[in-house]
1. Here are the criteria: (1) open to solvent by less than 30 Å² (accessible area, probe 1.4 Å); (2) in contact (Cβ under 8 Å) with a residue 12 or more places away in the chain. Tell me which single one ASP339 does not satisfy.
2. Could you look through the stretch 248-267, keep only residues that are touching a Ser or Thr at 6+ places or on another chain (Cβ under 8 Å) and free of Cβ contacts under 8 Å to residues at least 40 places away in the same chain, and pick out the one that is most open to solvent (accessible area, probe 1.4 Å)?
3. From ALA114, ALA51, ALA78, grab the single residue that is surrounded by fewer than 19 Cβ atoms within 10 Å (Cβ to Cβ), within 15 Å of ligand 2 (Cβ to nearest atom) and not assigned by TED's automatic domain parsing to the domain that holds SER422.
4. Scan (1) hydrophobic (A, V, I, L, M, F, W, C); (2) within 14 Å of VAL264 (Cβ to Cβ); (3) within 16 Å of ligand 3 (Cβ to nearest atom) for the single condition ALA415 breaks and write down its number.
5. Can you give me the number of residues within the stretch 197-223 that are of a type outside the set (Phe, Trp, Tyr), in a helix (DSSP H, G or I) and in contact (Cβ under 8 Å) with a residue 60 or more places away in the chain?
6. Which of (1) assigned to a strand (DSSP E or B); (2) open to solvent by 10 Å² or more (accessible area, probe 1.4 Å); (3) within 16 Å of ligand 1 (Cβ to nearest atom); (4) not β-branched (Val, Ile, Thr) is the odd one out, the single condition GLU374 does not satisfy?
7. Looking at the stretch 394-415, which of the residues that are in contact with a Ser or Thr (Cβ under 7 Å, 6 or more places away or on another chain) and not in a helix (DSSP H, G or I) is most open to solvent (accessible area, probe 1.4 Å)?
Amino acid sequence: MPAIVVVGSQWGDEGKGKITDFLAQEADVIVRYQGGNNAGHSIAFGGKKFALHSIPSGIFDPTKLSIIANGVVFNPKAVIEELSILQEAGVDTSGLRISNRAQVLFSYHKTIDALQEEARGVAKIGTTKNGIGPAYVDKFMRSGLRVADLLDKDYLTKRLTEIVGEKNLILTRLYDAEPINDIALSALIEEYYGYGQYFKRYIMDTSYQIDKELRRGKKVLFEGAQGVMLDIDHGTYPYVTSSSPIGGGATTGSGVGPSMIQEVLGVCKAYTSRVGEGPFPTEQINEIGDKIREIAHEYGVTTGRPRRIGWFDAVVMRHATRVSGLTKLSVNCLDVFSDFETVKICVAYKLHGEVIKYYPASLQDLYDAEPVYEELPGWSEDITQVDCIEDLPENALNYLNRLSELTGLEIATFAVGPDRDSTVVLKDLWKIADSEVIKHA
Ligand code: GDP
Ligand code: IMO
Ligand code: MG
C-alpha cells in the first residue's frame, strides 16, 4: 500500500534518478508520471552508469513493474533506442509497462519544437527540442493520439490524416517549412502502427494496475521528471516545461488518487543548477559557478549543455515545499562543497527596496529580485567516503541542518557522490510511509 512520490524541487537535474533508483531497491512498482525524453536521469551502481530519459529508474530489476504512465508524452522511437541501450548492457527490460492513455509524441512535434524555438529568437525558452511542448499542446487542444490509438490502424490512419492536415498549415503558413506530403504521411502511419505492434505486449491500463498493486499491499514509487520551478503552473513561466512535475502531477499523471500517497520527497542539490533560459536569482556567472560546474560535471544528460549554477535558494525551496506538499528532503551533491571557504544560502529576496520571502510570479520581479544571503563557514575535508552523519565535518553538518531549518523539512537522505552507495539514509521512508498507511487504515 505505501506510495512515495519523488519530486525535483529546483529546476531539474537534482539527482531524482539516483534517489529513485535507491528507493526502488525496496519498491515493487516504479511509475514515471509526466514529461518525456526531455528528462535525463543518471544512475550509477556496481561500476555501471546509465542515463534514462523516458524509462523509469526501476528498470534494472525485472521483478518490478516499471510504468510509463498516462501523464507522460511517449516517444516510441526514443524509447526503442533507450531499451536497446539497456538490453545491450544486459538489462532485462521485461518489467516495462506503458499506459494506453499516454499521449504519443510524433516526429512532427520535434520539427515544430525546433521551428518555434528558432522563431522566438532571443526570447527562446532553450527547450531540449524533443517536441515535448508541441506534444502537450496537442493533448490539450485535443489534436493528439494516445498509445491505444496506435493499435487501431483505421482510426490511426483517419486521425493522423486529419492532424497532419492541421500541422501542414502550421508548417507552411507559420514557418514557411516543407509540408508532410502524402508519401511521408503514409510512411508515418506505417511507422507508428509498427511501433504500436512493437510495444503491444507492454501496453495496458496502468492506472488500474497501480491501484491493484497498492491494494495488494505493494510499494509504489512515483518518479517525477524536471522540477517544481519548471512546472507549467508553479514554475518560472514561460521559461518552464509543458507538464506538471509537482507532487500533484503524480496523481493526474498516473490515475491514482492523492489519498493513496503517504510521502512526497523533495530532491535538491546542496546548490542550484538550471539548463535553458529564464530567471535564476542566485546564479553565479563567475569563478564560483565555474568551479562548481567543473567539480560536479554539471553538463546536461540529454543535451550536453553546460548547466547554469547558483547558490542554494531557500525561497525557491519553500515555494517547492508548499506547491508540492513535500514531506521530506533529499540533499544531493554535498561532496561538491569540499574546498569552499564559505558557502552561501539565499534566505530572502530584496525587491524594490523591500525584503520578501515569497517567490514572485512576475517575470520582471524575478529578474529584479536580489538575493539576500546568509554565509556559512565551509569545510575542506573530502567527504566522498562518508557513510553516516556522525562522520560529517561539523561545518557540513551545520550546513545540512540549516537547509532543513530553512525549508522546514526533515532530511531523509544526503549524498556524497553519484553512486547508489553514496547515499546516506537518515529516515527510512518506506517504513515511515508504511506506518502512515497503518495509522489511517
Ligand atoms: P535528475 O535529472 O534529477 O535525475 O539528475 P541528473 O542525473 O540529470 O543530474 C544529476 C547529476 O548529479 C548527475 O550527473 C549525477 O551523477 C550527479 N550526482 C547526483 N548526486 C550526486 C552527489 O551526491 N554528488 C555528486 N558529486 N554528483 C551527484
Ligand atoms: P530532468 O528530469 C533540467 C528544461 C529545458 C528548458 C525547459 C523547457 O532530467 O530533471 P522542454 O524540452 O521541456 O520543452 O524544455 O525545461 N528542461 C529540463 N531541465 N532537467 C530536465 O529534466 C529538463 N527537462 C526540460 O532545458 O529550459
Ligand atoms: Mg536530468
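The values are calculated or read from the model by the stated rules, or taken from the named source; none is laboratory data. All values derive from a computational prediction rather than experimental measurement. Counting neighbours? That spans all protein chains shown, and the Cβs are built from the backbone with ideal geometry, glycine included. Keep in mind that these areas ignore ligands, DNA and RNA; they rest on the heavy atoms of the full protein, side chains included. Shrake-Rupley method; radii C 1.70, N 1.55, O 1.52, S 1.80 Å.
1. It fails just one condition, (1).
2. Checked the stretch 248-267; the qualifying residue most open to solvent (accessible area, probe 1.4 Å) is PRO258.
3. Sole residue among the options that is surrounded by fewer than 19 Cβ atoms within 10 Å (Cβ to Cβ), within 15 Å of ligand 2 (Cβ to nearest atom) and not assigned by TED's automatic domain parsing to the domain that holds SER422: ALA114.
4. (2)
5. 7
6. Condition not satisfied by GLU374: (3).
7. GLU410
Conditions tested, residue by residue: (1) open to solvent by 10 Å² or more (accessible area, probe 1.4 Å); (2) among the basic types (Lys, Arg); (3) assigned to a helix (DSSP H, G or I).
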| site | (1), (2), (3) |
| --- | --- |
| ILE246 | yes, no, no |
| SER273 | no, no, no |
| PRO279 | no, no, no |
| ILE285 | yes, no, no |
| ILE295 | yes, no, yes |
